[in-house]
1. Looking at (1) modelled with pLDDT under 95; (2) among the polar types (S, T, N, Q); (3) assigned to a helix (DSSP H, G or I), can you tell me which one Asn109 breaks?
2. What is the number of the single condition among (1) surrounded by 18 or more Cβ atoms within 10 Å (Cβ to Cβ); (2) over 26 Å from Phe189 (Cβ atoms); (3) not β-branched (Val, Ile, Thr) that Gly34 does not meet?
3. Residues of region 37-75 being over 12 Å from Val125 (Cβ atoms), out of contact with any Gly (no Cβ under 9 Å at 6 or more places or on another chain) and assigned to a helix (DSSP H, G or I), which ones?
4. Out of Arg12, Arg52, Arg60, report the one residue that is more than 22 Å from Leu190 (Cβ to Cβ), in contact with a strand residue (DSSP E or B) (Cβ under 9 Å, 6 or more places away or on another chain) and surrounded by 14 or more Cβ atoms within 10 Å (Cβ to Cβ).
5. Checking Phe66 against (1) surrounded by 14 or more Cβ atoms within 10 Å (Cβ to Cβ); (2) modelled with pLDDT under 95, which test does it fail?
6. Within region 77-86, is there a residue that is closer than 17 Å to Met191 by Cα, within 14 Å of the chain's Cα centre (by Cα) and crowded, with 16+ Cβ neighbours inside 10 Å?
7. Would you point out which residue out of Ser126, Ser104 is modelled with pLDDT of 95 or more and surrounded by 24 or more Cβ atoms within 10 Å (Cβ to Cβ)?
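The values are calculated or read from the model by the stated rules, or taken from the named source; none is laboratory data. Note that the coordinates shown come from a computational prediction; the quantities given were computed from them, not determined experimentally. Glycine gets a Cβ as well: all are built from the backbone with ideal geometry, and neighbour counts include every protein chain shown.
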Amino acid sequence: MLQEAIGFVRSRQKVTLFLAAVNIAVFIVLSVMGSTQDTIFMLRYGACYTPRVLAGDYWRLFTAMFLHFGLPHLLYNMVCLVSLGDLLEKLIGHVRFALIYLVSGLAGNLLTLFVEVRRGGSYAVSAGASGAIFGGIGSLMWLVLSGRFVHRRMHVRRMGILVVLMVAQGFLEAGTNNIAHIGGLAAGFLMAVVMFPPRRSRLSS
C-alpha cells in the first residue's frame, strides 16, 4: 500500500505536486491556528475581500489562491488539480503550466474584484484554487480544439469529466465564486492560444 502511494507520487508531475503540497500545507497550518471555515479568520490570513484589496492589500489576489474553506473544499480542488495538472503539465511543460496556473488564478480574482466594484453593495470573502484550475481547463480546451492533442482520446475524456465536475460544483455548492471560474477559464484559454497559436496550412503551387 505504502509503495503504491510512493509510486503514485513519484509518477506525478513536479509543479503539480508542488502546488498541491503548498495548498495542503497552508490548510494544515491554518487548521492548527484556527478554523478554516471561519470567514473572519480566513480574511485575516489572506482571503480575498474587495474593500481590503482596494485599500492596498493587493497581495490577497495571490494568497487567496492557496486558501480553502474547510476540508471538503480543499479535497475537491486538490483532486481536480492533481488530475488536470498532471495531464496538462505533461503536454505543455513545467514552466508554461505554472504560468497558466498562477495567471489564471489571479485573473479569476481580478474579475471578481471588477464585477463586485461594478455591482456595488455587499462584498464576499473568497478563496480557493478553482480559478487557477479552471485556467488549466481553458488551456486544455484550446489544445484539443486546435487539434494538437485531439488524437489522444483519453485526454478529451478526462477534460470532459473535469469540466462537468467543476461546473457542477459551481451550480450545486452554495457560495461558490463562479465569476472567478469564468475569469480563470478565459485567461487559461487565451494564454494557450498565445503559447500555441493556430497552425497555418501550407499551400503549394
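1. Against the list (1) modelled with pLDDT under 95; (2) among the polar types (S, T, N, Q); (3) assigned to a helix (DSSP H, G or I), Asn109 comes up short only on (1).
2. Of everything listed in (1) surrounded by 18 or more Cβ atoms within 10 Å (Cβ to Cβ); (2) over 26 Å from Phe189 (Cβ atoms); (3) not β-branched (Val, Ile, Thr), Gly34 misses just condition (1).
3. Leu54, Leu71, Pro72, Leu75
4. Arg60
5. Against the list (1) surrounded by 14 or more Cβ atoms within 10 Å (Cβ to Cβ); (2) modelled with pLDDT under 95, Phe66 comes up short only on (2).
6. The answer is yes, given that some residue of region 77-86 is closer than 17 Å to Met191 by Cα, within 14 Å of the chain's Cα centre (by Cα) and crowded, with 16+ Cβ neighbours inside 10 Å.
7. Just one listed residue meets the conditions, Ser104.
Quick grid of which residues meet (1) at pLDDT 90 or above; (2) over 17 Å from Glu116 (Cβ atoms):
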site	(1), (2)
Leu165	no, yes
Phe171	no, yes
Thr176	no, no
Ala180	yes, no
Leu185	yes, yes
Gly188	yes, yes
Met191	yes, yes
Arg199	no, yes
